[in-house]
1. Hey, could you pull the Cα Rg and Dmax for the chain, both in Å?
2. With a 10 Å radius around each residue's Cβ, average the other Cβ atoms per peptide and rank 278-289, 111-122, highest first.
3. Please work out how much accessible surface PHE329 shows to a 1.4 Å probe, ignoring ligands, DNA and RNA, in Å² rounded to 10.
4. As an exercise, take the mean of 1/r over every pair of distinct alpha carbons in the range 131-215, invert it, and state the Kirkwood radius in angstroms.
5. Compute the Rg to Rh ratio over the range 286-356 from the alpha carbon atoms, using the Kirkwood formula for Rh, and round to two decimal places.
6. Can you list residues whose amide H is under 5 Å from HIS8's amide H, if they're 5+ apart or on another chain and H is modeled 1.01 Å from N?
7. Measure out, as a whole number of angstrom, how far apart the alpha-carbon centroids of the range 117-175 and the range 281-328 sit.
8. Please check: in the Gaussian network model of the chain (C-alpha springs, under 10 Å), which one of ILE192, ILE303, ILE165 has the largest mean-square fluctuation.
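The values are calculated or read from the model by the stated rules, or taken from the named source; none is laboratory data. All figures in this text were calculated on a predicted structure; none of them were measured in a lab. Note: ideal-geometry Cβ built from the backbone for every residue, glycine included; neighbour counts use all protein chains shown. For the accessible areas, the whole protein counts, side chains as well, though only heavy atoms, and no ligand, DNA or RNA atoms are used. Shrake-Rupley method; radii C 1.70, N 1.55, O 1.52, S 1.80 Å.
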Amino acid sequence: MTTGRPLHLAAEIGGPPRYEPDHYLGLARLAEGGALDYVTLGDSFARPGPDALSVLARIAPATDRIGLVPTVDTTHTEPFHVSSAVATLDWVSRGRAGWSADVSSTEAVARLFGRRPAPPAEALWREAGEAADAGARLWDSWEDDAEIRDTATGRFIDRDKVHHIDFEGEAFSVRGPAIVPRPPQGRPVTVIDGTTAPARAVAARHADVVHVRATTPEQAAAARADVHRLAAAHGRSARELRVLVALAVDLGDAETAPEPGLESGPPLAGHGTYFRGGPVDLAELISQWYRAGAADGFHLTPITPARDLERIVNGTVALLQHRSLFRTFHPGHTLREHLGLARPASRYALARTAGERR
């Protein structure tokens with residue numbers, strides 16, 4: 001059995017910090033050549049290295065199709081600034097931006113800012129959900145045709161189509177409208193690792209793509225079903241979500257049979273379930289799990305990006321394409337189009353249209 005949906009593949013291009021932009025650009029172009037949906041670049045205030053959002057903004061104009069998803073901390077960054085930065089990434093990439101919302105839960109990071117002690121995970125993820133909500137409202141605050149740029153009349157915007165927002169959350173408040181016009185995708189793609197319960201609850205409500213860690217296809221299928229169940233409670237359809245299994249991969253070994261089942265693979269903290277084997281072994285695992293309907297796809301984190309990503313693209317992906325399980329080209333121009341997700345309309349435009357019909 002298959003999910004009835006296209007297989008989606010994404011890859012992390014982080015690893016030990018590097019400061020040469022060509023390193024990340026080369027990996028992104030490699031993933032783009034394999035027609036992967038998107039690349040992620042992990043980030044946190046607990047690690048040295050360049051800022052992920054800035055790095056991907058550098059990569060954006062030098063790539064054409066690959067989706068670009070930086071990790072963004074919602075605990076120590078202002079939601080208004082996050083919204084503006086992600087919208088800008090969507091503009092400079094011409095509609096290929098996403099963001100992976102994450103939280104900082106350690107006292108060590110909290111001390112770097114000195115504003116407050118680290119809250120518990122439940123509170124951090126409620127705050128992350130509010131950041132996602134506030135960001136979506138800001139992206140909606142300019143209707144798509146708010147910019148008129150009418151030289152003859154001297155009018156730049158239609159003021160009736162730029163909306164003020166006054167968001168009051170548990171931990172912060174945000175006032176709009178945004179300072180960046182509505183992004184090409186309407187709302188850039190929101191990605192959340194929904195492995196833990198507090199994160200999954202937020203992901204089900206706000207995310208477009210949910211990463212889950214699983215060691216068996218049955219466990220992955222159960223996690224996917226749970227995400228769908230939680231999303232339905234918020235009035236969301238499973239068609240609005242993509243659930244990808246997060247897998248750390250080590251393809252440094254010769255082509256051998258994988259270790260007996262992922263269950264026996266050692267877990268790597270923060271990197272999902274661990275797989276070690278060859279590119280063909282990985283293709284076999286992806287094929288089996290996908291055909292079993294366990295997930296919509298996989299987010300692969302290479303242990304050694306420069307080595308393993310090349311083996312993923314030229315080995316694993318090539319084999320999946322040969323088996324007609326994965327596409328050979330990007331089906332559209334935007335990340336939403338790659339993922340088969342609809343472009344959301346501005347809530348304010350929808351409300352105005354509904355009012356006009358009454």
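1. Over the chain's Cα set, Rg and Dmax evaluate to 20.4, 71 Å.
2. Final packing ranking: 278-289, 111-122.
3. Rounded to the nearest 10, that gives 130 Å².
4. 14.8
5. We get a ratio of 1.18 for the range 286-356.
6. Sorted by chain and number, the residues that satisfy this are GLY297, PHE298.
7. 37
8. ILE165
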